[in-house]
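Novice: Here you go, one structure.
The values are calculated or read from the model by the stated rules, or taken from the named source; none is laboratory data. Predicted, not measured: the structure shown is a model, and the values here were computed from it. Neighbour counts run over all protein chains shown; Cβ positions are idealised from the backbone, glycine included.
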Amino acid sequence: MSSCLRTLILLGCLSTSAAADGDSLYVDKVKPLLQERCFSCHGALAQNAGLRLDTARAILQGGDSGPAAIAGDSAGSLLISRITSTEESERMPPEGKPLTAEEIDHLRNWITSGGRGPDGEKPQPDPRTHWAFQKPVRPAVPQVRLSEKSGIRNPIDAFIVDELSRQQLEFVPEADRETLLRRVTLDLIGVPPTPGDLERFLADDAPGAYERLVDRLLADPRYGERWGRHWMDVWRYSDWYGRRHVPDVMNSYPHIWRWRDWIVRSLNADRGYDEMVLAMLAADEVFPGNDEEVVATGFLVRNWFKWNYESWMKDNVEHTGKAFLGLTLNCCQCHDHKYDPITQREYFQFRAFFEPLELRQDRVPGLPDPGPFRKYVYTESYGPIAAGLIRVFDEKLDAQTFLYAKGDARNRIEGEPPAVPQAPAVLMTPDFKVEPVALQPEAFYPGMKAELRTEDLAKADHAIAAATTELNNARSAAGITRQLLADARVQADQPPTAATPPSPGALLAAEQAAIDAEANLELLQVRVAVAEAQKSSLKARIAADDAKYRGGSTGADLAQAASWAERRAAWQVAKANLLSAEQGMLVAERNAVKDEAAKAKLPEAQKKLETARQAVDASRTALSTTSETYKPLSPVYPERSTGRRAALARWIANRANPLTARVAVNHLWMRHFGRGLVETPSNFGLNGKAPSHPQLLDWLAVELMDNGWQMKHLHRLMVTSRTYRSRSTAGGTDHPGFMSDPENRLYWRSTPRRMEAEVVRDSVLAAAGTLDDTAGGQELDHSLGLKSVRRSLYFASHGESQMQFLDLFDGPTPAECYQRSSSVVPQQALSLANSDLVTQQARHTAVVLWQECATAETDRELSFIRSAFRRILSRDPRMGEVDASRQFLAEQTRLLEVETLPETTDDPKAPSPRPADAAGRAREDFIHALFNHNDFVTIR
């Protein structure tokens, strides 16, 4: 072979090698980089400047400015010049950090090597065809092989087994009954099973025992509390916060706990998820006048921020999108979405649904009137209202939404017309329509509510009765005073004797007492008239309101009567004030005669008297006028609502919406199985994760909708499936599942999970038998968390702070908690070992169990150990654990016999003392050790 031929062959080989290296560089480095930083503007979603960068061919072809890359010439390529430009207006990409030197080198080297891509490379697909934007259709349940049917309990398992078989995997055996009982009980009601629950379940050998257990748990009112907390994470529940030490309400609003209780009630009643969405977004339009429902708008109240209306609107858009649709709408506030087919204008169209919003606080029967909602004033603090129902309503019926740039409302985009309320085009349904909602009188005028009127009339009757009683008592007292005066006069007319010496001041005192009694009698008579006039005014205003709002006419005569009755009541009040001022003047003059210093108060008394006289004159004059104006019984709001949020809610809760049901069932699945079918629960868009089992996701979504959106049906399907009932152990790390699916994404076994923060705390109390099952009510201060035995759900949770115990165990973050994190840190073990909560519950449990075992027919200590395991770990002690427990108790008793106990205290607030005997303290330590057992805090 000639040297020339060898050289040609070598050059050919080198060229082929370089091309191959270029292909590899493109696939491994270049295309992922372009996808992350460039596709949003130069891909299927948008082609700015006519340029696409989603294939090698498109890059070489270029756009309006010519080829983006010239094969073999990186220095002359427009792509390189733009990403390395020192001019900020020229450098690409325009947002985010500039590309790193390494990333630029990858692009240079790829272009230098020839700018090749893989054969048959396809451009990025149209984002509108993304799986999540297609309406779910119920897929056929996979037909698994006969050898696999032993693992099928319901359709869920068929989908799971179908995927497992593709990886040549199968389910591990089912969990034992003790483990399964504990798992499903914690999952459905949030506290461990009692020893009685365990005994009954293990004794039930009849077919369907587990299914009957599930039905009992789903019917348990604690189900609503357990799953209420899950959904409160998703819906960002937060009690009010800001500056609680002031206090100053800045975020959320007081008494939003009524929304929390509504969530619990709705879940226990198994209301459809679609109905819950309707209520949370638009109960005031869909269920107007129903206070039991309008509290659900706490979903929107929670986003309220005192200092910035824009912030409230942004949060409404972002978290409505994430919670119900799995869409990151916040990503297109400043520009078109970088991944999903949603434009900036569509962002503002979505915001327009919420633009008319304002808060209002309504009076609750039996509680004080909170008065009208206070609008924001820069110099004022907002203390929490003592009572009331907080909700939203449409105040600004003609509110317009304008587009602005860079996320700043001050940068309004000139020339852009206002955005109309509308869903994104990619998700629009044909029946979408915004129609104004005419509200019933009770909805826009709370003073029309029968229960409030009845209460006010009863108060008026009580005021009359109280004033009348006081007047009658005064009459009796005045009679006695008159008799005393008569006696004093008789005594003054008698000549003095040794037995009755002269008393010149007695008659004067009696006369003054009689004058005061008569003046008081006159004042009380007017006060009775005031109470009667105020009731008459109330009845007249009620009659006028009925004519105006229910009678179909203005009711001018009744309005005039109500106005006159109101003015007459004001005149009576003015007369009572005048009498009181006259009495005050007399007292001041009398005191001035006796005390020189008291003369200084005469001008003030005179001023009050003059003011009272003027008020009487003014109110008397007002009686002679004619008017139809009178004070309403409560604030009056707009008589209609825009219907924008009702349209939004109906569009979201529509079977034709491809996202809503999928997002909902994914949340249910994630909380039962530890991982969602879509691992990004708040992002179903193109930048989110693809579903691990897309057909199962769609089957569940359709199943939810076909069953009235009722979630208990889905719970039952999930927890009775073979998938759910698998063991969490695999018999060793050599199991093939650990090799091919170490993260258990195919669900070949159950994934052990650490209890959520609330479940840890509640389970300690439940195991000790001290958990208070009282449901609902105003939030408790989280500082009581180590002392109170109420369920954790009912403690204040907000962005300022939360209960430290819950925080240590990764409690919810109110800002955003679509999926909780789970950490393992030393402080968690320390809190279980040292907190007063666990210490006191362990002490209580040890005493109670030892007393219960006093009648044991066998070994009392053995009975104590078994009872402790059943109560705390929901199982009997395993082989070796009884001996280990006995050994611990014996050794701990010996150690504690030499322990010096601290002196007892009489402080009723002090923790209960340790038992006096060493054996008792050892039993307490044993219980404490079980609370620290990994099996206690783990759902296996």
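Novice: Specify the residue that is nearest to W304 (Cα to Cα); the eligible residues are those in region 343-363 that are in contact with a Ser or Thr (Cβ under 9 Å, 6 or more places away or on another chain) and not charged (D, E, K, R).
Specialist: Among them, the one singled out is F354.
Novice: Quick one: which of W307, W312 is among the hydrophobic types (A, V, I, L, M, F, W, C) and modelled with pLDDT under 95?
Specialist: Selected residue: W307, the only one of W307, W312 that is among the hydrophobic types (A, V, I, L, M, F, W, C) and modelled with pLDDT under 95.
Novice: Further, regarding this structure: If you take the residues in region 198-215 that are of a type in the set (D, E, K, R) and farther than 13 Å from V719 by Cα, which one is farthest from the chain's Cα centre (by Cα)?
Specialist: Among those residues, the one meeting the criterion is D205.
Novice: Can you pull out the residues in region 265-308 that are in contact with a helix residue (DSSP H, G or I) (Cβ under 6 Å, 6 or more places away or on another chain) and not hydrophobic (A, V, I, L, M, F, W, C)?
Specialist: S266, N268, D270, Y273, D284, E285, P288, G289, E293, T297, G298, N303
Novice: A further question on this structure: Given the conditions (1) out of contact with any strand residue (DSSP E or B) (no Cβ under 6 Å at 6 or more places or on another chain); (2) crowded, with 21+ Cβ neighbours inside 10 Å; (3) more than 19 Å from L427 (Cβ to Cβ), report the number of the one that V377 does not fulfil.
Specialist: So V377 meets the others, but not (2).
Novice: V286 - would you say it is crowded, with 24+ Cβ neighbours inside 10 Å and β-branched (V, I, T)?
Specialist: Answer is no for this residue.
Novice: Further question: Tell me which residues, restricted to region 374-412, are closer than 24 Å to S641 by Cα and within 21 Å of the chain's Cα centre (by Cα).
Specialist: The answer is G388, L389, I390, R391, V392, F393.
Novice: I've got another one for you. Would you point out which residue out of R820, R754, R761 is within 30 Å of D157 (Cβ to Cβ), touching a Ser or Thr at 6+ places or on another chain (Cβ under 6 Å) and not assigned by TED's automatic domain parsing to the domain that holds A323?
Specialist: R754 is the lone residue from the list that is within 30 Å of D157 (Cβ to Cβ), touching a Ser or Thr at 6+ places or on another chain (Cβ under 6 Å) and not assigned by TED's automatic domain parsing to the domain that holds A323.
Novice: On to the next question. Does region 658-681 contain any residue that is of a type in the set (S, T, N, Q) and surrounded by 19 or more Cβ atoms within 10 Å (Cβ to Cβ)?
Specialist: Yes, there is a match, as at least one residue in region 658-681 is of a type in the set (S, T, N, Q) and surrounded by 19 or more Cβ atoms within 10 Å (Cβ to Cβ).
Novice: Let me ask you something else. Which number in (1) at pLDDT below 95; (2) among the polar types (S, T, N, Q); (3) in contact with a helix residue (DSSP H, G or I) (Cβ under 8 Å, 6 or more places away or on another chain) marks the one condition that T320 misses?
Specialist: With respect to (1) at pLDDT below 95; (2) among the polar types (S, T, N, Q); (3) in contact with a helix residue (DSSP H, G or I) (Cβ under 8 Å, 6 or more places away or on another chain), T320 is out only on (1).
Novice: Look through L213, L218 and report the one residue that is outside the structural domain of Y382 (by TED's automatic domain parsing), farther than 26 Å from P421 by Cβ, without any contact (Cβ under 8 Å) to a residue 60 or more places away in the chain and not small (G, A, S).
Specialist: Of the residues listed, the single one that is outside the structural domain of Y382 (by TED's automatic domain parsing), farther than 26 Å from P421 by Cβ, without any contact (Cβ under 8 Å) to a residue 60 or more places away in the chain and not small (G, A, S) is L213.
Novice: Provide a single number: the residues in region 721-741 that are surrounded by fewer than 21 Cβ atoms within 10 Å (Cβ to Cβ) and either part of a strand (DSSP E or B) or among the hydroxyl-bearing types (S, T, Y) (or both).
Specialist: 4
Novice: Determine which member of the set G785, G776 is in contact (Cβ under 8 Å) with a residue 60 or more places away in the chain and more than 18 Å from E924 (Cα to Cα).
Specialist: Exactly one residue qualifies, and that residue is G776.
Novice: I'd like to check something: does region 916-926 contain any residue that is assigned to a helix (DSSP H, G or I), under 22 Å from R182 (Cα atoms) and free of Cβ contacts under 8 Å to residues at least 40 places away in the same chain?
Specialist: No.
Novice: Just the residues that are at pLDDT 95 or above and surrounded by 15 or more Cβ atoms within 10 Å (Cβ to Cβ), please, taken from region 464-473.
Specialist: Of everything in region 464-473, just one residue is at pLDDT 95 or above and surrounded by 15 or more Cβ atoms within 10 Å (Cβ to Cβ), namely I464.
Novice: I need every pair where a residue in region 852-873 that is more than 25 Å from R177 (Cβ to Cβ) has its Cβ under 7 Å from the Cβ of a residue that is modelled with pLDDT of 95 or more, sequence separation at least 6 or different chains.
Specialist: E861/R886; E861/L889
Novice: Which condition number in (1) of a type outside the set (D, E, K, R); (2) at pLDDT 90 or above; (3) farther than 26 Å from D741 by Cβ is the one that S89 fails?
Specialist: Among (1) of a type outside the set (D, E, K, R); (2) at pLDDT 90 or above; (3) farther than 26 Å from D741 by Cβ, S89 violates only (2).
Novice: What is the one condition in (1) farther than 30 Å from P341 by Cβ; (2) out of contact with any Pro (no Cβ under 8 Å at 6 or more places or on another chain) that E679 does not satisfy?
Specialist: Single failed check for E679: (1).
Novice: In addition: Are any residues in region 79-117 surrounded by 11 or more Cβ atoms within 10 Å (Cβ to Cβ) and of a type in the set (G, A, S), and if so, which ones?
Specialist: S81, S85, S113, G114, G115, G117
Novice: Something else about it: If you go through region 288-302, how many residues are part of a loop (DSSP other than H, G, I, E, B) and in contact (Cβ under 8 Å) with a residue 60 or more places away in the chain?
Specialist: 3
Novice: A follow-up question, please. Report, by residue number, each residue of region 520-577 that is among the aromatic types (F, W, Y) and closer than 30 Å to L609 by Cβ.
Specialist: W564, W571 - these are the residues of region 520-577 that are among the aromatic types (F, W, Y) and closer than 30 Å to L609 by Cβ.
Novice: Only one of R244, R182, R236 is in contact (Cβ under 8 Å) with a residue 24 or more places away in the chain, closer than 18 Å to M755 by Cα and of a type in the set (K, R). Can you tell me which?
Specialist: Among R244, R182, R236, only R182 is in contact (Cβ under 8 Å) with a residue 24 or more places away in the chain, closer than 18 Å to M755 by Cα and of a type in the set (K, R).
Novice: Look at region 306-337 and say how many of its residues are more than 14 Å from F353 (Cα to Cα), touching a strand residue (DSSP E or B) at 6+ places or on another chain (Cβ under 7 Å) and in a helix (DSSP H, G or I).
Specialist: 1
Novice: I would also like to ask the following. Among the numbered conditions (1) closer than 15 Å to V636 by Cα; (2) modelled with pLDDT of 95 or more; (3) loosely packed, with under 15 Cβ neighbours inside 10 Å; (4) not charged (D, E, K, R), tell me where V420 comes up short.
Specialist: In the conditions (1) closer than 15 Å to V636 by Cα; (2) modelled with pLDDT of 95 or more; (3) loosely packed, with under 15 Cβ neighbours inside 10 Å; (4) not charged (D, E, K, R), V420 misses (1) alone.
Novice: Can you tell me which residue among R820, R878, R886 is of a type outside the set (S, T, N, Q), under 30 Å from D773 (Cβ atoms) and modelled with pLDDT of 90 or more?
Specialist: R820
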